[in-house]
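Novice: The structure under discussion is supplied below as structure tokens; questions concerning it will follow.
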Amino acid sequence: MIRRRPKGFLAFEAIAAATITLALLTIFMLACRQYGQARQIGDARREALAAAQNALVRMQAEGVAADAGEKTLPENDGVRVVIQIAPGSGEWNGMALAHVIATRVTPDGEIRAELAGYCPIARAAP
């Protein structure tokens, strides 16, 4: 007598298909989570860099106070900006060196953007 294979799926085939599907879904979910974390870090880096650039450009346009020191700007959108000012030397005499450090805290750590540039010293108002 010839045995015929039953039509349809066997229980083993259904379990194997479900296992493969679950494995693929797990890999996809992990990839999506990593993409989200990388995007968050990239956004934080861009925000910190933009804050540092804005502070430096503003100082270059308006000038800085003649006294050297460190100044912390009010926190804006979670970005803390610290400006360190030192007098220029050599060919930069009469200017001020502004070192801007913008920091953004993320769940994965701290993102820092540092920029430096020479700025004119603001003249006192008459």
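Novice: Determine if the stretch 77-84 includes at least one residue that is among the acidic types (Asp, Glu) and at positive phi.
Specialist: yes
Novice: Let me ask something else. Identify, please: which residue in the stretch 117-126 is hydrophobic (A, V, I, L, M, F, W, C) and not in a loop (DSSP other than H, G, I, E, B) and is, among those, surrounded by the fewest Cβ atoms within 10 Å (Cβ to Cβ)?
Specialist: ILE121
Novice: Check the stretch 23-43 and report whether any residue there is touching a strand residue (DSSP E or B) at 6+ places or on another chain (Cβ under 7 Å) and either under 29 Å from PRO107 (Cα atoms) or among the acidic types (Asp, Glu) (or both).
Specialist: The answer is yes; a qualifying residue exists.
Novice: On to the next question. Of (1) assigned to a helix (DSSP H, G or I); (2) over 24 Å from the mean Cα position of the chain (by Cα); (3) under 13 Å from ALA116 (Cα atoms), ALA55 satisfies all except one. Which?
Specialist: Unmet for ALA55, out of (1) assigned to a helix (DSSP H, G or I); (2) over 24 Å from the mean Cα position of the chain (by Cα); (3) under 13 Å from ALA116 (Cα atoms): (2).
Novice: Output the residue which, of all residues in the stretch 74-103 that are loosely packed, with under 15 Cβ neighbours inside 10 Å and hydrophobic (A, V, I, L, M, F, W, C), is nearest to LEU115 (Cα to Cα).
Specialist: Once the filter is applied, the top-ranked residue is ALA86.
Novice: Could I ask something else about it? Please give the number of the condition ILE27 fails out of (1) under 30 Å from THR103 (Cβ atoms); (2) exposed (fewer than 12 other Cβ atoms within 10 Å of the Cβ).
Specialist: Of (1) under 30 Å from THR103 (Cβ atoms); (2) exposed (fewer than 12 other Cβ atoms within 10 Å of the Cβ), only one is false for ILE27: (1).
Every number in this text was worked out from the coordinates using simple rules, so none of it is lab data. Please read these numbers as outputs of a predicted model, since none were measured by experiment. Glycine gets a Cβ as well: all are built from the backbone with ideal geometry, and neighbour counts include every protein chain shown.
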